[in-house]
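Here is the structure we will look at.
The values are calculated or read from the model by the stated rules, or taken from the named source; none is laboratory data. Note that the coordinates shown come from a computational prediction; the quantities given were computed from them, not determined experimentally. Cβ coordinates were reconstructed from backbone atoms using ideal geometry, including for glycine residues, and neighbour counts include every protein chain displayed. Heads up: the accessible areas ignore ligands, DNA and RNA and are worked out on the full protein's heavy atoms, side chains in. Shrake-Rupley method; radii C 1.70, N 1.55, O 1.52, S 1.80 Å.
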Amino acid sequence: MRPYYIAVLMLLLSACNSTNKEETEEFRTLFETSEGRETPEYEDVMAYYMKLARTFPDINLQTMEDTDSGHPLHIVTYNPGGSFNFNRIREDKRIVMIMNGIHPGESDGIDATMMLLRDYATGKIPTPEKTVIVAIPVYNIGGALQRNQHSRANQNGPETYGFRGNARNYDLNRDFIKSDTKNATAFAELFHLVKPDVFIDTHVSNGADYQYTLTHLFTQHNKLGGELGNYLNKEMMPRLEEKLAEKEWYITPYVNVFNQVPETGFSQFMDFPRYSTGYTTLWNTLGMMVETHMLKPYKQRVEGTYELLKDMVEITEKDHDRIRELRTKNFESFAKAHDYPIQWAVDSTEVSTLQFRGYEADTIISEVTGFPRLKYDRSRPFTKPVSYYNFFKPVKSVTVPEAYIIPRQWEHVIDLLRANEVMLQEVEKDTVLDVEVYHIADYQTRNTAFEGHYLHYNTSVRTTKAQKQFRKGDYMIRTDQPAIRYLLETLEPEASDSFFNWNFFDAILQQKEHFSPYVFEDVAAEILRKDPALKQEFESEKARDTVFAQHWYAQLNWIYEHSVYYEEAHLQYPVYRIVK
Ligand SMILES: [Zn+2]
């Protein structure tokens with residue numbers, strides 16, 4: 001190259017650099033000007049993004065639906081080239097979605113993302129060519145507006161921050177299926193608009209003390225399933241660990257222990273569909289949470305989060321074709337699946353070993369309670385092999401039906417299916433169909449309130465076949481559609497986060513009509529006389545169950561429940577299955 005050209009090039013480069021510097025200077029965040037001690041208030045976060053979007057054509061700020069706070073949700077999109085039509089973007093680019101401030105007290109991602117998008121826009125860091133970034137500046141706006149200095153008791157900064165509960169005191173990271181909040185339905189809308197390939201939800205962890213600032217909590221790879229799950233566990237996760245280690249940002253899987261030392265071993269946290277990444281997995285999105293360690297200084301936590309986000313974009317950029325191919329395959333294989341796993345347990349036969357960087361801990365006598373307590377000693381760091389159980393196996397599966405049928409009166413369920421882009425077909429005229437019917441055979445209920453519900457668990461069903469009358473306007477929902485996993489996880493009562501377990505169908509749990517024993521005595525005698533097989537069954541039940549044998553009401557009730565007088569609706573699950 002001739003000297004003249006070199007000089008011009010140098011001039012151009014230095015001009016570029018100085019523009020970057022000026023722009024970076026103009027867009028300094030509160031986190032930076034406070035030297036890593038402060039995080040901005042909600043209004044200031046939004047004002048910052050508005051200014052970025054006004055200045056840089058590659059950045060767009062879009063208003064979505066309202067949240068419980070009355071303020072609408074927003075997304076900020078960075079796409080060099082400036083197209084913000086997601087259908088078009090998807091054709092040749094992958095999309096990384098970053099969710100911040102679901103727990104506004106854990107503000108690390110809010111600050112990291114403000115700097116990251118600015119640095120992309122100003123060209124301070126290399127522009128991704130095949131990756132678009134969509135960020136939710138603050139998801140829990142109501143919580144962010146409740147600024148305080150104390151609700152994160154164990155956390156080392158920032159100075160003031162928002163609160164975990166939303167405007168109606170819901171924890172939004174339990175609300176993705178039951179959707180009690182407007183935030184959850186607004187999220188469903190934007191998630192299905194954007195359809196991200198990679199999803200990152202930013203948090204700060206509680207729990208043990210150790211050397212790491214960063215921990216990762218990827219969606220459980222066996223549950224994600226197929227080659228996509230393998231890719232997540234064997235390629236994406238190790239690659240992120242290596243990239244961060246090269247910069248001396250060591251990261252470990254989320255330390256899933258409570259008041260115990262990590263070196264005894266721990267299992268992966270199971271992200272059921274109620275959680276952000278459990279929900280995004282239902283559409284085969286590569287999901288992860290980053291959990292920074294609460295005891296590390298705020299500045300360090302935000303810087304670590306920034307590096308992690310940048311590395312995840314780079315990994316997506318490099319693997320963009322693979323990611324598209326593997327996600328498509330997962331959608332295809334679930335759409336033709338015969339069985340679907342609905343309950344999981346740790347597979348203790350497969351163990352991973354972590355070289356864990358921890359601190360020695362002692363058990364000493366508590367000054368407060370006089371009982372033994374745990375105390376970590378940071379002057380005694382160690383690196384030790386630790387067993388990590390991150391393989392899970394299905395312990396219960398269901399046969400995938402060809403379709404579900406939901407009578408039109410279950411409007412709340414229908415609305416949620418619609419919000420999640422489930423394709424529904426209206427039954428065109430009154431019709432009798434052969435269906436499988438579930439009867440709730442058993443369930444237990446939590447005796448404390450959990451996120452606005454008294455959750456059911458250990459639910460089991462009994463299946464019968466029947467011919468059922470359906471009416472014009474009822475809904476038929478075929479399972480061979482992209483939302484298949486969402487349908488199975490919500491409509492199969494035995495799945496852990498089913499709509500049944502979240503109390504959507506509690507009305508069927510109560511019997512509406514009963515009998516008067518003195519009248520029913522004679523009817524019951526007649527029933528048994530006319531039905532020798534039933535009488536035989538009744539006698540065997542008495543022989544088998546001594547409590548039953550001593551309980552006159554239970555015996556009359558047994559006959560009532562086996563007679564035509566017993567109401568059909570009691571314990572009968574009102575979503576029906578058409579089987580293949
Ligand atoms: Zn959190």
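Name the single residue, out of those in segment 486-504 being in contact with a strand residue (DSSP E or B) (Cβ under 8 Å, 6 or more places away or on another chain) and polar (S, T, N, Q), that is farthest from Ile578 (Cα to Cα). Quick ask: steps written out before the conclusion?
Residues of segment 486-504 in contact with a strand residue (DSSP E or B) (Cβ under 8 Å, 6 or more places away or on another chain): 487-489, 491-496, 498, 500-503.
Okay, now just the ones that are also polar (S, T, N, Q), so 496, 498, 501, 503.
Values: Ser496: 22, Ser498: 19, Asn501: 22, Asn503: 24 Å.
For segment 486-504, the residue satisfying everything is Asn503.
Mind checking whether some residue in segment 525-540 is assigned to a loop (DSSP other than H, G, I, E, B), buried (at least 20 other Cβ atoms within 10 Å of the Cβ) and of a type outside the set (Phe, Trp, Tyr)? Checking segment 525-540: not a single residue is assigned to a loop (DSSP other than H, G, I, E, B), buried (at least 20 other Cβ atoms within 10 Å of the Cβ) and of a type outside the set (Phe, Trp, Tyr). Evaluating Trp283 against the criteria (1) assigned to a helix (DSSP H, G or I); (2) more than 19 Å from Lys234 (Cβ to Cβ); (3) of a type in the set (A, V, I, L, M, F, W, C) leaves one unmet condition, (1). For segment 150-161, indicate whether the set of residues that are within 16 Å of the ligand (Cβ to nearest atom) and of a type in the set (Lys, Arg) is non-empty. The answer is yes, given that some residue of segment 150-161 is within 16 Å of the ligand (Cβ to nearest atom) and of a type in the set (Lys, Arg). Among the residues of segment 56-79, the ones that are touching a residue at least 40 places away in the same chain (Cβ under 8 Å) and out of contact with any strand residue (DSSP E or B) (no Cβ under 9 Å at 6 or more places or on another chain) come to 4 in all. Can you report the number of residues in segment 131-159 which are hydroxyl-bearing (Ser, Thr, Tyr) and not in a loop (DSSP other than H, G, I, E, B)? Of the residues in segment 131-159, 1 are hydroxyl-bearing (Ser, Thr, Tyr) and not in a loop (DSSP other than H, G, I, E, B). Restricted to segment 283-293, and to residues there that are farther than 18 Å from Arg94 by Cα and open to solvent by less than 10 Å² (accessible area, probe 1.4 Å), the residue that is farthest from the ligand (Cβ to nearest atom) is His293. Between Pro297, Pro262, the distinction of being touching a residue at least 24 places away in the same chain (Cβ under 8 Å) and open to solvent by less than 20 Å² (accessible area, probe 1.4 Å) belongs to Pro262 only. If you filter segment 101-138 down to residues that are more than 21 Å from Lys51 (Cβ to Cβ) and touching a Phe, Trp or Tyr at 6+ places or on another chain (Cβ under 7 Å), you find that the one that is farthest from the ligand (Cβ to nearest atom) is Pro104. Of the residues in segment 249-270, not one is at pLDDT 95 or above, part of a helix (DSSP H, G or I) and either within 16 Å of the ligand (Cβ to nearest atom) or assigned by TED's automatic domain parsing to the domain that holds Gly157 (or both).
To keep it simple, each residue is scored yes or no on (1) assigned to a strand (DSSP E or B); (2) among the small types (Gly, Ala, Ser); (3) open to solvent by less than 70 Å² (accessible area, probe 1.4 Å).
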position	(1), (2), (3)
Thr353	yes, no, no
Tyr359	yes, no, yes
Asp362	yes, no, yes
Glu367	no, no, no
Arg378	yes, no, no
Pro381	yes, no, no
Val386	yes, no, yes
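The residues of segment 86-100 include none that are open to solvent by 10 Å² or more (accessible area, probe 1.4 Å) and within 16 Å of the ligand (Cβ to nearest atom). Within the bounds of segment 223-245, is there any residue that is open to solvent by 10 Å² or more (accessible area, probe 1.4 Å), touching a His at 6+ places or on another chain (Cβ under 7 Å) and not in a helix (DSSP H, G or I)? No, segment 223-245 has no match at all.
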